[in-house]
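A.B. asks: Below you will find the structure I want to go over with you.
The values are calculated or read from the model by the stated rules, or taken from the named source; none is laboratory data. These figures come from a predicted structure and were not determined experimentally. Here Cβ is always computed from backbone atoms with ideal geometry, including for glycine, and neighbour counts include all displayed protein chains. With ligands, DNA and RNA removed, areas are computed over all heavy atoms of the protein, side chains included. Shrake-Rupley method; radii C 1.70, N 1.55, O 1.52, S 1.80 Å.
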Amino acid sequence: MHWPRIIALIALGFAFAQSEPQARARTGGSNESRTGTGSQVSAQPDKYLISKSGIGPLRLGTTLEQARRALPSANFVRASDGDGVALVKVTLGANESMFVWAEEEDAAAPIDWSKKITTIETFSPAFHTAEGARPGTLVRQVEALLGKVKNAPRSEIESRVYVVFEAQPAYLTFRMDDVGPEDEAHRARVDPRARILSIAVGSAR
């Protein structure tokens, strides 16, 4: 038998096995970790996602103080709507803002940082639902994502127009821009030009 040749082949295989982990370390690990399919690799959260728990990095149920500490680079200022409801406008960046209702009563008073966030609403197209709906989207386009429009009720006091889709999640509230006349059932007709004005999550104001 050719023992010297066999011993040489074994030594070569051992050297290759020893060098392979080092090569993987130099190139960033295995293919699994590089492609993000490994169990140790987690996807970054979508900071623009509208979900059941909040909008972007803002969470329902947290106090305004907790939100301010969690978002030190965000701008929190007193705001109000056309009906005088006390709101807080939270701005993350250019065209990235949300309006928060924390059950404050006086829109002229300073922000009560101890209040808990109960509703978050955004008019910014930067934010989107998991299905892809976002402010500014045509209502007809949202129908392709969440089913046909069931109704489009107009609120009695503020005369705001909302829209409800057949398959929309219960935690979402869609407000529509005021386009088209009102029908006999007090539901605004959905004009082809109508767009989503805002999306809100949380309890109704």
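A.B. asks: Would you confirm, using the coordinates I've provided, whether residue 169 is in contact with a Leu (Cβ under 9 Å, 6 or more places away or on another chain), surrounded by 15 or more Cβ atoms within 10 Å (Cβ to Cβ) and touching a residue at least 40 places away in the same chain (Cβ under 8 Å)?
C.D. replies: no
A.B. asks: If you scan segment 147-163, which residues turn out to be open to solvent by 30 Å² or more (accessible area, probe 1.4 Å) and either over 15 Å from residue 177 (Cβ atoms) or in contact (Cβ under 8 Å) with a residue 60 or more places away in the chain (or both)?
C.D. replies: Scanning segment 147-163 gives 148, 150, 151, 156, 157, 158.
A.B. asks: Turning to a different aspect of this structure: Residues that are at pLDDT 90 or above and surrounded by 15 or more Cβ atoms within 10 Å (Cβ to Cβ): list the helices (runs of 4 or more DSSP H) wholly contained in segment 1-108 that include at least 1 such residues.
C.D. replies: Counting at least 1 such residues, we get 64-70.
A.B. asks: Only one of these conditions is not met by residue 134: (1) modelled with pLDDT under 95; (2) open to solvent by 50 Å² or more (accessible area, probe 1.4 Å); (3) of a type in the set (D, E, K, R). Which number is it?
C.D. replies: (1)
A.B. asks: When the residues of segment 109-119 are filtered to those that are of a type in the set (Val, Ile, Thr) and either open to solvent by 30 Å² or more (accessible area, probe 1.4 Å) or assigned to a loop (DSSP other than H, G, I, E, B) (or both), which remaining residue is nearest to residue 171 (Cα to Cα)?
C.D. replies: 118
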